[in-house]
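Scroll down for the structure; my scribbles are underneath it.
Read the figures in this text as sums done on the coordinates, not as results from a lab. None of these values were measured; they are calculated from a predicted model. A quick note on method: Cβ atoms are made from the backbone with ideal geometry, for glycine too, and the neighbour counts reach across all protein chains shown.
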Amino acid sequence: MTTKQRDDRAVVGFPSGEPRPSRGRRWFLWLFSVAMVITAGTAFVFKLIEFFVTATTDGPDALASFLIPVLNYLLVAVGFLCLFLWAYFTGQFRDVEGPKYRMLQMQEQFDRQSPPPTQGH
């Protein structure tokens, strides 16, 4: 095994000195995240229902005044949903710790390759 292979393998995942989160902590974070998404989604749906009810019961002027905000909310929500799905399906959330270790390793390599700064006036 070459040095490069050892370095690449050492960077992926958690470093040797850092323990993985416990199973209970991962479950808690997963359940908490799902609960927050469900709560926010429910509030969003209730707000849309409120807009719809107000717009249809208060006449055509209310409908016109609520149409633009509702469309903006929907477009933004669909945009964020598309970004999330793209990130999920392209594997952007698979290794969230690895990039910071790769960045530090690349910085060390860059520091070794570049000449020391000279002090000139």
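Below are the figures for this structure:
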| read-out | value |
| --- | --- |
| Helices (runs of 4 or more DSSP H) lying entirely in region 15-121 (those with 3 or more residues that are over 28 Å from the mean Cα position of the chain (by Cα) and small (Gly, Ala, Ser)) | 60-89 |
| Tabulated pairs, region 18-37, first closer than 20 Å to residue 95 by Cα, second surrounded by 10 or more Cβ atoms within 10 Å (Cβ to Cβ), C-beta under 6 angstrom, 6+ apart or interchain | 20/14 |
| Condition broken by residue 101, with the remaining ones in (1) touching a Pro at 6+ places or on another chain (Cβ under 9 Å); (2) loosely packed, with under 10 Cβ neighbours inside 10 Å satisfied | (2) |
| All positions within region 81-98 that are small (Gly, Ala, Ser) and surrounded by 11 or more Cβ atoms within 10 Å (Cβ to Cβ) | 87, 98 |
